[in-house]
Structure formats: C-alpha cells, structure tokens
Amino acid sequence: MAAPRAGSGSAGRGSLPPPSDPSLGVSGGSRRSVIPPPLPPCADTASDNARTPRPRGPGLWPCTAPAMAEGGAGGNQPPREHPRNLQGLLQMAITAGNEPSQLEPMSDERRQWLQEAMAQAFRGQLEEVEQMKECLRVLEAMSPGGDGGESSEPAEGDPSRQASALELLAELCENLDNAADFCKLDGMRLLAHRYLEHPVPDLRWRAAHLVGTCAQNVPKVQEQALALGCMRKLLRLLDHDGADLVRVKALFAISCLVRAQEGGLQQFLRLDGFSVLMRAMQSPVQKLKVKSAFLLQNLLLDNPEHKETLCSMGMVQQLVALIRSEHSPFHEHVLGALCSLVTDFPQGVRECREPQLALEELLKERCQLLQQQEEFQEELEFCERLQRVCFQTPPEDSSMDR
C-alpha cells in the first residue's frame, strides 16, 4: 500500500460555506469532512513537486498508545486518545518504535486498545472514500452535461457547491491512496472532460490544481490523466486563458505530468510545450514567469538530450532578451535556465558568443549591479558561471562547475 501523504479526520455534516479565496489565503469557514462543510485553503504548490506529509485538522492525533516502557499497561499515566486514521496509526507506531521498550506478553487491555485503534483508523479511510463519492456526485450533477435535473440550473449561476467539492477533493487527494481511489471513481475523467474547460474560471483553476495534486509522483494517475487528454487542455489553458490563476494552476499541473514521467514529457514535446513555456515566461504575470523559468531549468537538467531542439528554436536568443528587460528577481531563474542550456553543450556556448547578442558585456554590467546585494547572490553566481563557461573557455570545453 502506498504511503499516505497526510491524514484527515471526519466531522459532522453542515451547510455549504463559500470556498476559500486563494488570493487572500483565508478559508470560508472551519474544516469540513463531508460535502458540504468548510476547509482550509489549498496551498499553491506549483514549484513543490515533491509530496511531504503534513498534519492537518483533528484527523492526526499524537501517539496514543498506553506507555509500554514503564511497566504494565501505562503506569500511572492517564489513558491517551486513539488515532483516527491510518496516518495517525503509522505516526504512533513510528514513535513507539523509537522509544525504549521491554518485551512482554500483550495484555488484554493492550490488545483491546490496538483493535479499537485499527478499527478507527480503517473506518477513517473508508469515510474519506465516501466523502470523495459525495463530492463527485455534486460535480457530476452540476457540471455542464451532467444529469442533475433541476439542481443543475442554479449551478450555472452559483458555482459555490462545485468549488467547495473541488476544494475538499484537493485536500483529500493529498493522500496517495485517496488520489488513486479518486481515479478509480472516474474523477479524473470528470475533470478532463468537463471542468478543465468549464466556463467559470474559479472552477477551471480548481480543476487544474486537483489534476496536479493527484498526479504528482504517482505514475498510474499520471498515465490516466495523459490518456484522457489533460496535457493538451492544460497547455491550452496556460497559453490562452484570460484568468491569471488558471494559467498558474495549469502550469503546476503540467509540471506534475512531465517531471520524471517520460510519457508526459513526450506529449509535452509533441504539443510544442517548450514554445508555450517560453510565451509564459514573456507574460506580465510575475508568478507565472518565475515558475515557467524554474520548470524550464529543471527540464533541461533532467533531460539534457533536448538542448539541441531548444537551440534550434532560438531559446538562447529568447532567454538573453528576457535578461535585458528591467531587472527583477525573475532574472535569477532565466539565468539558471541559460546556465543549464549551455552546460556540456558547445552549440549553446557558440550561440551565446554571437556578437549581436552582446551577452559578455551584459553579464559584466549585471555582475557590477549585483555586487554587495545579498538578496541577489544566486543570480550573481549564475552570471559568473556564464562568464566562465561562455567567454573564458573554448566552446568544446563547456562543462560547468557546480
């Protein structure tokens, strides 16, 4: 069984509050465990492609086993409460395993406690699956083309219930097992066919965020999303959507489908993804520019075999043009991408040396600008590396010291 990313508890049913506003970082109410109750807002993880377990809500309880190292069934310590889900039980087991203990037969009290803890943990997992089913019923009934009867009409004018369902699903699918179950319940198909192109921007960005949340580091989920055509739709959102947040979330989902996923990378290449990424770096949206340059840099580090393709597209000239724009923190990532492009690649070095680019003089000026400015030290290091590689060594010896 895949390791859980995070646990979540369960609470009573309630009425649907408004979903959280990502621009404010404020939730619409207290945490909910079933549709419709409230949740904390989704974090923007566009640049965080690794999943790290995080405790949240009342679902993760501290280690609750009776003390086993101090004789009997807990000594004089008061009984502690049980974990409510698999993540809490795992955390309890790890904590207990790190404590010194004495081997002794299991008492009836301990056996009963363990049975109750396991029952509650597995019950919590089943409850989360039921929550996902309820969310999907809301999305299916209220989506364009959904068989929602009368209930589908208000959904067109008031998408708050769909937004709340998508938000709760994004939290639940932080758990690897839940992400896999979400796909088994046909949730990814619903996102791909109805919500990535929904007329309401708030639902489009939440759908793109959910695709990325489910897909990151889970090959089976990535494969299903790719088979359903998510890459093409996400690239279209990144390139043409009028809502900035939709574009940022589409980029996040794309990064989750191409990093360490050969099939996703091949689709990205066939659909001219590098050109889309370059246009995103030319966007006036600072967050989109930074994350696009960061993804380009990492793709070059992970897949150096595509450097020739990028050079033939004029990527060196495009990156240098971006560096010439008014100075901003975004330039650090552009210089990092250019460093990745020329490392161990003589053709890239030769293009950087073209007199019409005047890159050498630009790098000298930038180094003078950044001297003694602590917040720009990484950018300064990239400038100095490019100077060494492109203008102080022959093109055939362009390996870059890291």
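Tabulated results
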read-out	value
Cβ-Cβ under 8 Å pairs, at least 6 apart or on other chains, region 365-378 side free of Cβ contacts under 8 Å to residues at least 12 places away in the same chain, far side in a helix (DSSP H, G or I)	Gln371/Leu380; Gln373/Leu380; Gln377/Leu370
Residues satisfying the stated conditions in region 160-199, i.e. part of a loop (DSSP other than H, G, I, E, B), touching a helix residue (DSSP H, G or I) at 6+ places or on another chain (Cβ under 8 Å) and open to solvent by 10 Å² or more (accessible area, probe 1.4 Å)	Glu174, Leu185, Asp186, Glu197
Of the criteria (1) open to solvent by 30 Å² or more (accessible area, probe 1.4 Å); (2) part of a loop (DSSP other than H, G, I, E, B), which one Phe376 fails	(2)
Residue within region 222-239 that is open to solvent by 30 Å² or more (accessible area, probe 1.4 Å) and closer than 28 Å to Val320 by Cα present	yes
Among (1) of a type outside the set (A, V, I, L, M, F, W, C); (2) loosely packed, with under 14 Cβ neighbours inside 10 Å; (3) within 31 Å of the chain's Cα centre (by Cα); (4) not in a loop (DSSP other than H, G, I, E, B) - the single one Glu361 does not satisfy	(3)
Hey, Glu308 part of a loop (DSSP other than H, G, I, E, B) and over 18 Å from Gln387 (Cβ atoms) or not	no
Test for Gly314: is it touching a residue at least 24 places away in the same chain (Cβ under 8 Å) and under 23 Å from Ser283 (Cβ atoms)	no
Among (1) surrounded by fewer than 23 Cβ atoms within 10 Å (Cβ to Cβ); (2) in contact (Cβ under 8 Å) with a residue 40 or more places away in the chain - the single one Leu341 does not satisfy	(1)
Residues satisfying the stated conditions in region 246-272, i.e. open to solvent by 10 Å² or more (accessible area, probe 1.4 Å) and in a helix (DSSP H, G or I)	Arg247, Glu262, Gly263, Gln266, Gln267, Leu269, Arg270
Near pairs, Cβ below 6 angstrom, 6+ apart or cross-chain, from region 294-307 (in contact (Cβ under 8 Å) with a residue 40 or more places away in the chain and within 10 Å of Leu341 (Cα to Cα)) to any residue that is in a loop (DSSP other than H, G, I, E, B) and not charged (D, E, K, R)	Lys307/Phe345
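The values are calculated or read from the model by the stated rules, or taken from the named source; none is laboratory data. Everything numeric in this text was worked out from a predicted model, so none of it was measured. So basically every Cβ, Gly included, is an ideal-geometry build from the backbone, and we count neighbours across all protein chains shown. Note: accessible area is taken over every heavy atom of the protein model, side chains too, but ligands, DNA and RNA are not part of it. Shrake-Rupley method; radii C 1.70, N 1.55, O 1.52, S 1.80 Å.
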